[in-house]
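The values are calculated or read from the model by the stated rules, or taken from the named source; none is laboratory data. On a predicted model such as this, the values are computed, not experimentally measured, just so you know. Positions of Cβ are generated from backbone atoms using ideal geometry, with glycine treated the same way; all protein chains shown enter the neighbour counts. Remember, those area values only see protein heavy atoms, side chains included, never the ligands or the DNA or RNA. Shrake-Rupley method; radii C 1.70, N 1.55, O 1.52, S 1.80 Å.
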Amino acid sequence: MIYLDKKIIEKDKLEKLNIFKAVAIYEDKLQISLDKANGLWGFGERFDYLNQKGLVRENHVYEKFTNQGNQTYLPIPFFLSNNFGVFIDTDYVFEIKSTIKSDETLVEIFINTEDVDIHIFIGNPKKQVQSFLSLNEEVVLPPKWCFGPWMSANRWNSQELVLEMARKNKELGFFHTALVIEAWSDEATFYKFNDESLWPNPKKMIEELNSLGLNLVLWQIPVFKKLEEGRVNETHQKDCKYAIENNLVVKKADGSPYTIPKGRWFEGSMVPDFTNPETVDWWFSKRKYLLDMGVKGFKTDGGEFIYDDEAYFFDGSTGREMKNKYPLSYTKAYYKNLGEDRVLFSRAGYMNSWQTPVYWGGDQMSQWSELKHQIIAGLNASVSGIFYWGFDIAGFAGAMPTKELYLRAFLVGTFTPIMQWHSEPIGGQFAEFMKSEDAINDRSPWNIADLYKDDSIIDITRNCCLMREKLLPYLTSEAKYSKENLVPMMKPMFFEHNQDKKACEIDDQYYLGRSLLVAPILQESQKTREIYLPEGKWYDCQTKEKLDGNTSINRKYSLSEIGLFINLDTDFSLLKGILI
């Protein structure tokens with residue numbers, strides 16, 4: 001069925017709307033021909049292009065380590081144009097293709113239209129997003145502490161090292177509100193600490209972290225892991241046996257446990273079936289002690305693990321739809337068991353992922369191209385309903401970022417909804433790119449400063465973190481506004497100016513909240529950039545000038561500066577005394 005703003009509409013009536021030139025419905029696709037569309041945006045978290053007109057988009061959750069290109073961890077079957085948006089209400093993998101002919105755009109949705117409902121929303125992008133989200137589950141607002149800076153490095157593999165980093169953060173005058181530990185568990189059960197000698201008193205560690213203003217988040221993965229050859233873990237063996245006997249795992253068509261295929265992350269591992277309430281109860285009975293001792297959240301990594309269409313689940317679902325739905329079944333199970341003032345920090349998702357609301361853009365190399373792609377991914381995610389999103393500042397993998405890349409990225413991170421730095425394991429997949437001096441590969445400000453023997457890095461990044469602290473009232477107010485009004489917190493230019501062709505072409509500046517326009521430098525060796533100020537009255541936070549909009553200007557920014565402009569036609573009271 002095809003719906004227009006919640007009401008069923010026939011094809012001939014749809015064609016009479018002046019935004020469509022023609023509509024055709026075939027057995028396996030819906031074809032819409034548009035007049036003069038400035039762009040197609042959204043489709044979930046898409047890394048390669050903001051304006052995706054003329055491209056093929058696959059609706060498929062997919063795990064891709066770095067340089068994602070046209071693949072994504074977090075697709076959403078919803079896209080926007082200037083005047084209308086489309087939501088394809090299905091969990092299946094399908095393709096959308098658009099082609100451009102002169103001033104006409106042809107959009108083809110390759111899916112059996114008899115099996116799904118297709119919703120069309122008329123109006124500007126704001127109305128399109130609001131209409132789309134109002135059809136789905138409620139947006140959840142994360143705790144306020146999530147909007148402070150996060151610190152993380154996979155190398156932190158002991159209580160001593162974690163506390164050393166937390167104390168150093170405090171001693172150097174930095175402000176962070178969250179600390180993530182990845183290398184804490186036995187990597188067998190994923191709920192036990194790996195060595196008592198390395199983690200002698202986790203509860204005491206958490207108490208000290210809290211005294212330093214840090215909320216602890218622990219890394220998780222949804223597998224019954226296939227252990228390395230020769231490795232034995234008695235608890236893990238018992239857990240696997242119990243899970244098989246009690247139908248707590250995803251099954252293959254022949255009834256045997258489904259396992260992640262060869263060549264994929266965690267190959268050979270069984271996958272817990274979170275559609276089974278008994279799985280959820282058992283899984284979290286093993287992790288409850290972590291919450292009881294003060295853990296404030298989990299980094300729910302992975303979940304892109306269903307590769308078999310014939311696999312089946314407790315609730316009757318098959319692998320065909322669970323390829324996309326599995327990550328949400330996983331994160332929803334965690335969210336249900338967290339309790340108040342706790343958070344999930346997730347990578348993979350699908351429809352209704354705004355129910356488990358904090359996401360980061362996954363794995364990237366420390367490269368300039370990846371920085372630009374992360375901004376594009378965040379903007380596409382935002383207009384697809386993922387409001388509370390961040391990225392690994394300056395990437396997390398491979399050779400260490402240059403000083404220039406690190407500082408430019410740190411400034412961008414300061415002005416995105418979630419601010420976090422992180423680094424891959426020592427000896428990770430890109431270890432061959434690392435130099436001898438990268439033996440400690442933390443992307444912490446103090447490690448980067450030590451690497452380049454440059455204390456200005458400490459000064460600049462500390463100022464960023466302290467700026468973030470000052471911005472918290474504005475950020476938390478805008479986050480609440482986003483939830484209550486169903487509008488993104490981080491907005492592309494087209495979202496507010498969909499009839500402004502120049503604004504629709506911009507993919508390297510954006511709004512953060514209602515009042516703040518952010519114009520970062522995203523290219524190596526670039527010192528000056530052009531900024532487009534749309535119609536309205538603007539305040540330049542660098543020059544302290546008041547400017548009329550509908551104009552382009554050029555500004556030079558040092559490594560400690562980023563383009564910031566306040567829309568004087570909004571209520572910017574929470575920015576007074578900080579940026580103005």
Can you name the residue in region 353-381 that is among the charged types (D, E, K, R) and either touching a helix residue (DSSP H, G or I) at 6+ places or on another chain (Cβ under 7 Å) or open to solvent by 10 Å² or more (accessible area, probe 1.4 Å) (or both) and is also nearest to residue 506 (Cα to Cα) among such residues?
372
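For (1) within 19 Å of the chain's Cα centre (by Cα); (2) modelled with pLDDT under 95; (3) open to solvent by 20 Å² or more (accessible area, probe 1.4 Å), each residue gets a yes or a no:
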{"site": "116", "(1), (2), (3)": "no, yes, no"}
{"site": "122", "(1), (2), (3)": "no, yes, yes"}
{"site": "126", "(1), (2), (3)": "no, no, yes"}
{"site": "138", "(1), (2), (3)": "yes, no, yes"}
{"site": "147", "(1), (2), (3)": "yes, no, no"}
{"site": "168", "(1), (2), (3)": "no, no, yes"}
{"site": "179", "(1), (2), (3)": "yes, no, no"}
{"site": "182", "(1), (2), (3)": "yes, no, no"}
I'd like the full set of residues that are in a helix (DSSP H, G or I) and free of Cβ contacts under 8 Å to residues at least 40 places away in the same chain, limited to region 445-455.
447, 449, 450
Could you tell me whether residue 491 is among the charged types (D, E, K, R), part of a helix (DSSP H, G or I) and farther than 21 Å from residue 164 by Cα?
no
Applying the selection to region 497-528, what residues are among the charged types (D, E, K, R) and either assigned to a loop (DSSP other than H, G, I, E, B) or surrounded by 21 or more Cβ atoms within 10 Å (Cβ to Cβ) (or both)?
500, 507, 508, 514, 524, 527
Would you check if residue 350 is in contact with a strand residue (DSSP E or B) (Cβ under 7 Å, 6 or more places away or on another chain), among the hydroxyl-bearing types (Ser, Thr, Tyr), assigned to a loop (DSSP other than H, G, I, E, B) and open to solvent by less than 10 Å² (accessible area, probe 1.4 Å)?
yes
Could you check how many residues of region 184-205 are open to solvent by 10 Å² or more (accessible area, probe 1.4 Å) and part of a strand (DSSP E or B)?
1
Give the residue, chosen from 121, 175, that is in a loop (DSSP other than H, G, I, E, B) and either among the aromatic types (Phe, Trp, Tyr) or touching a Ser or Thr at 6+ places or on another chain (Cβ under 7 Å) (or both).
175
Determine if region 556-566 includes at least one residue that is open to solvent by 10 Å² or more (accessible area, probe 1.4 Å), under 30 Å from residue 79 (Cβ atoms) and touching a Pro at 6+ places or on another chain (Cβ under 8 Å).
yes
The residue from 267, 304, 208 that alone is modelled with pLDDT of 95 or more, in a helix (DSSP H, G or I) and not aliphatic (A, V, I, L, M) is 208
Suppose the filter is of a type in the set (Gly, Ala, Ser), in a helix (DSSP H, G or I) and crowded, with 20+ Cβ neighbours inside 10 Å; does residue 482 pass it?
yes
Which listed residue is among the polar types (S, T, N, Q) and in contact (Cβ under 8 Å) with a residue 60 or more places away in the chain, from 185, 197, 134:
134
Is one or more of the residues making up region 529-540 more than 27 Å from residue 486 (Cα to Cα) and in a loop (DSSP other than H, G, I, E, B)?
no
Kindly indicate whether any position in region 279-286 is among the polar types (S, T, N, Q), within 30 Å of residue 391 (Cβ to Cβ), outside any loop (DSSP other than H, G, I, E, B) and in contact with a Leu (Cβ under 9 Å, 6 or more places away or on another chain).
no
Might you let me know whether region 390-401 holds any residue that is part of a loop (DSSP other than H, G, I, E, B) and closer than 29 Å to residue 90 by Cβ?
no
Enumeration of residues in region 542-555 that are open to solvent by 60 Å² or more (accessible area, probe 1.4 Å), part of a loop (DSSP other than H, G, I, E, B) and either among the charged types (D, E, K, R) or closer than 23 Å to residue 578 by Cα (or both)
542, 544, 545
Which of the numbered conditions does residue 211 fail, given that it passes all the others? Conditions: (1) surrounded by 18 or more Cβ atoms within 10 Å (Cβ to Cβ); (2) more than 30 Å from residue 305 (Cα to Cα); (3) among the hydroxyl-bearing types (Ser, Thr, Tyr).
(1)
Of those in region 307-331 that are acidic (Asp, Glu) and not in a helix (DSSP H, G or I), the residue surrounded by the most Cβ atoms within 10 Å (Cβ to Cβ) is 308
I need the full set of residues from region 220-279 which are among the acidic types (Asp, Glu) and surrounded by 11 or more Cβ atoms within 10 Å (Cβ to Cβ), in order please.
239, 267, 273, 278
State whether one or more residues within region 443-466 are on the phi > 0 side of the Ramachandran plot, over 22 Å from the mean Cα position of the chain (by Cα) and not β-branched (Val, Ile, Thr).
yes
With the requirement that a residue be open to solvent by 10 Å² or more (accessible area, probe 1.4 Å) and small (Gly, Ala, Ser), what does region 391-430 give you?
399, 427, 428
Tell me, yes or no, whether region 468-479 has at least one residue that is of a type in the set (Lys, Arg), open to solvent by 40 Å² or more (accessible area, probe 1.4 Å), closer than 27 Å to residue 147 by Cβ and in contact (Cβ under 8 Å) with a residue 12 or more places away in the chain.
yes
